[in-house]
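First up is the structure itself, then whatever we jot down about it.
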Amino acid sequence: MKIKMKLNGQEVGAAGGLDHLVLDQVKRSMQEKVAGLTCPEHMMTAVIQVNGESLSGLKVQIQACCDAMRQRVAKALA
């Protein structure tokens, strides 16, 4: 599953300050929770996008092939 992270409009990579370390931990946690999730009907994975101006204002968006898959991913992340 692909997870994209942006903070203050810039894609977050592995290098960076404390914010980047926190985001890296968040990303790894999300990857563990959704590992292996594939839509049984369409055989596709979802894309998770995390965006925000700051760590306290992060928003998660799930792009999936269908609503059922989006709900499965959301439940796994909860």
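By average Cβ neighbour count within 10 Å, what is the ranking of 45-52, 4-11 from highest down? Kindly include the intermediate steps, with their values, before the conclusion.
Working: 45-52: 17.2, 4-11: 13.2.
Per-residue mean Cβ counts within 10 Å order the peptides as 45-52, 4-11.
Roughly how big is the chain's charge dipole about its Cα centre, with Cβ charges of +1 (Lys, Arg) and -1 (Asp, Glu), in debye to the nearest 20? Each step should come with its number before you reach the end.
On the way: 10 positive and 7 negative charges, 30 e Å.
Here the chain has a charge dipole of around 140 debye.
Take every DSSP beta bridge with both residues inside the chain and express the antiparallel ones as a percent of the total, to the nearest 5. Walk me through the intermediate numbers first.
Details: 7 of 13 bridges.
Given both bridge residues lie in the chain, the antiparallel proportion sits at roughly 55 percent.
What does a probe at residue 18 reach in region 51-77, counting residues whose amide N is under 18 Å from the point 7 Å along Cα→Cβ?
53-58
Bear in mind these aren't lab numbers, they're just calculated from the coordinates by the rules spelled out. Here the structure is a predicted model, which is why all the values come from computation and not from measurement. Note that each Cβ is placed from the backbone with ideal geometry, even for glycine, and that neighbours are counted across all protein chains shown.
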